[in-house]
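Below is one structure, written out as structure tokens; the observations come after it.
Bear in mind that the values in this text are calculations on the coordinates, not laboratory data. Note that this is a predicted model, so its numbers are computed, not measured. Note that we place each Cβ from the backbone using ideal geometry, even for glycine, and neighbour counts take in every protein chain shown.
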Amino acid sequence: MGPSDGDPDAANPAFSALLEDSAEDLYEHAPCGYLSTLMDGTIAKINTTLLDWLGYRRDELVGRRRFTDLLSVGGRIYHETHIAPTLRMHGEIGGLALELKAANGTRLPVLVTSVVKTGADGTAQLIRTTIFDARDRRAYEQELLRARQDADRERDRVLKLATILRRTLLPPTLPTIPGMDVAAYYHTASVDEVGGDFYDLFPLAGDTWGFFLGDVSGKGAPAAAVTSLARYTLRAAAASDPDPVAALAILNTVLNHEYHGIDPRFCTVIYGQLTPDIKGCRVVLASGGHPPAVLLSATGGARFLDIPGGQLVGALPDAHFASVEFRLGPGDTLLLYTDGLTEARTTGSVRHSEEELLNFLGPLAPTTAPAVVTAVTDLLARFDGVDDDTALLALSIPPSGGMP
């Protein structure tokens with residue numbers, strides 16, 4: 001068996017030549033810089049790689065300059081306050097990001113690791129330092145920083161646009177209805193994404209007032225567009241037809257016309273009209289697939305105002321809508337809400353159900369619109385997670401008497 005039979009690389013002259021590469025050549029032309037200094041920092045030895053990086057001749061540095069002479073002002077301070085004390089105490093230090101000054105005045109970002117060499121008696125003799133060129137890393141970090149700054153600016157822009165858009169989809173302030181208290185609240189689940197919840201309260205002909213609260217499917221700009229369309233369509237429909245069911249039918253027709261085919265859009269809406277009288281007010285409430293409103297009675301307790309048969313608005317061309325008529329008297333409060341409230345997580349994955357909402361609201365009655373909105377707002381703040389936007393709209397008649 002020949003000498004190369006068991007080792008195919010041994011027959012390759014080029015490979016054999018590599019094995020004969022001298023240690024001195026490996027030191028001088030290593031892919032990193034090597035530097036040895038006396039304990040006072042005087043440069044005792046430096047390899048060709050580092051000399052080439054810095055643009056110095058060997059005789060300009062060895063025995064003439066100290067390692068700190070190659071550092072920036074900040075690097076010198078850091079060396080005296082941190083590097084030198086650490087080397088004296090522990091004998092090594094690594095992973096330091098410093099800047100070396102080249103002969104032409106430019107700065108070279110580097111990563112430095114230093115180890116103290118000791119003699120047989122334990123006396124410190126030299127400091128051996130390995131230096132890695134960090135220019136590519138610095139450029140990468142700067143690019144990351146620029147990208148982060150660009151992302152932060154873009155996020156700020158998105159937040160600003162989302163805030164402005166959200167404000168345009170809600171009434172800036174609720175109007176005052178003589179003899180009634182009104183209150184509303186909008187909880188934003190995501191600061192940088194516009195949800196599809198909406199509400200409004202507005203005067204109609206004579207002494208009648210219209211109000212609605214709804215929730216559009218989806219989020220973001222598409223949902224915002226549907227929200228805007230729904231809000232202004234309902235206002236226009238309410239002005240042309242006093243029947244809440246007819247207003248929902250008009251909105252259903254508009255959504256079917258504007259959004260059909262591959263990108264259908266729909267919403268749930270509860271729409272009502274109230275007409276004041278000397279004993280309170282008459283309310284007609286129509287539902288388009290929305291969670292039921294809650295009536296908190298002047299005599300105590302709370303109950304859902306179920307309106308069976310109301311279908312989603314915009315989902316079907318011939319959707320059916322239903323309504324209920326009732327009276328709101330002194331001390332009564334009507335609360336409308338979106339499903340972000342009943343789908344919020346109370347603990348972990350446990351959701352806040354409609355039954356739990358009713359159990360929470362019951363002991364509050366009799367109450368007022370501002371008080372019930374404040375109570376529900378505090379309830380939302382105690383939940384583990386509110387994943388969807390939540391809108392609240394409440395109307396009440398003070399217990400002291402009816403409408404003027």
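Would you please give the FRET efficiency between His260 and Phe202, computed as 1/(1 + (r/R0)^6) with r the Cβ-Cβ distance and R0 = 35 Å, to the nearest 0.05? If you can, show how the numbers build up before the last one.
On the way: r = 29 Å, r/R0 = 0.82.
The value I calculate is 0.75.
Along Cα→Cβ, 7 Å out, is where each label goes; now give me the distance between the ones at Ala124 and Thr173 in nm to one decimal.
7.3 nm
P(r) for region 210-269, please, calculated from all Cα pair distances in 10 Å bins and given in %.
Pair shares across the bins are 23, 58, 18, 1.
Compute the distance in nm between two label points, each set 7 Å from the Cα along the Cα-to-Cβ direction, one at Ala23 and one at Thr42.
2.5 nm
Hey, can you grab everything whose amide H is under 5 Å from the amide H of Ala134? Only 5+ residues off in sequence or another chain; H modelled, so Pro and N-termini drop out.
Val110, Leu111
Given C-alpha coordinates of region 299-344, what is the ratio Rg to Rh with the Kirkwood estimate of Rh?
On the way: Rg = 14.2 Å, Rh = 13.6 Å.
With Rh from the inverse mean 1/r over Cα pairs, Rg/Rh is 1.04.
Which Rg and Dmax, in Å, describe the Cα atoms of region 179-305?
15.7, 51
What is the P(r) of region 90-137, as percent of Cα-Cα pairs per 5 Å bin from 0?
In order of increasing distance, the bins hold 5, 19, 21, 19, 14, 11, 7, 3, 1 percent.
Can you pull the one-decimal nm distance between simple spin-label points at Asn104 and Ala147, each 7 Å off the Cα toward Cβ?
Between Asn104 and Ala147, the simple spin-label model gives 3.0 nm.
Would you mind checking which residues have amide H under 5 Å from Leu204's amide H? H placed 1.01 Å from N; only 5 or more apart, or other chain.
Those qualifying (amide H under 5 Å, at least 5 residues apart or on another chain) are Trp209, Gly210.
Residue-wise, which Karplus ³J(HN,Hα) couplings in Hz belong to region 104-109, taking 6.51 cos²θ - 1.76 cosθ + 1.60, θ = phi - 60°, and x for glycine or proline?
Result, ordered by residue: 8, x, 6, 9, 10, x Hz.
Once R0 is set to 25 Å, what does the formula 1/(1 + (r/R0)^6) return for the Cβ-Cβ distance between Thr68 and Asp136, expressed as a FRET efficiency to the nearest 0.05? Walk me through the numbers on the way to the answer.
Details: r = 26 Å, r/R0 = 1.02.
The calculated FRET efficiency here is 0.45.
All other residues with a Cβ under 9 Å from the Cβ of Val284 taken together, and with Lys, Arg as +1 and Asp, Glu as -1, what is their net charge? List each step's numbers first, then the result.
Numbers: positive: Arg282; negative: Asp243, Glu325.
Taking every other residue near Val284 into account, the sum is -1.
For Leu204, what charge total do you get from the other residues with a beta carbon under 14 Å from its beta carbon, if Lys and Arg give +1 and Asp and Glu give -1? Don't skip to the end; give the middle numbers.
Details: positive: Arg235, Arg282; negative: Asp200, Asp207, Asp241, Asp243.
Net charge in that neighbourhood comes out at -2.
Show the residues, 5+ positions off or on another chain, whose built amide H is closer than 5 Å to the amide H of Ala365.
Placed amide hydrogens put Gly301 under 5 Å from Ala365.
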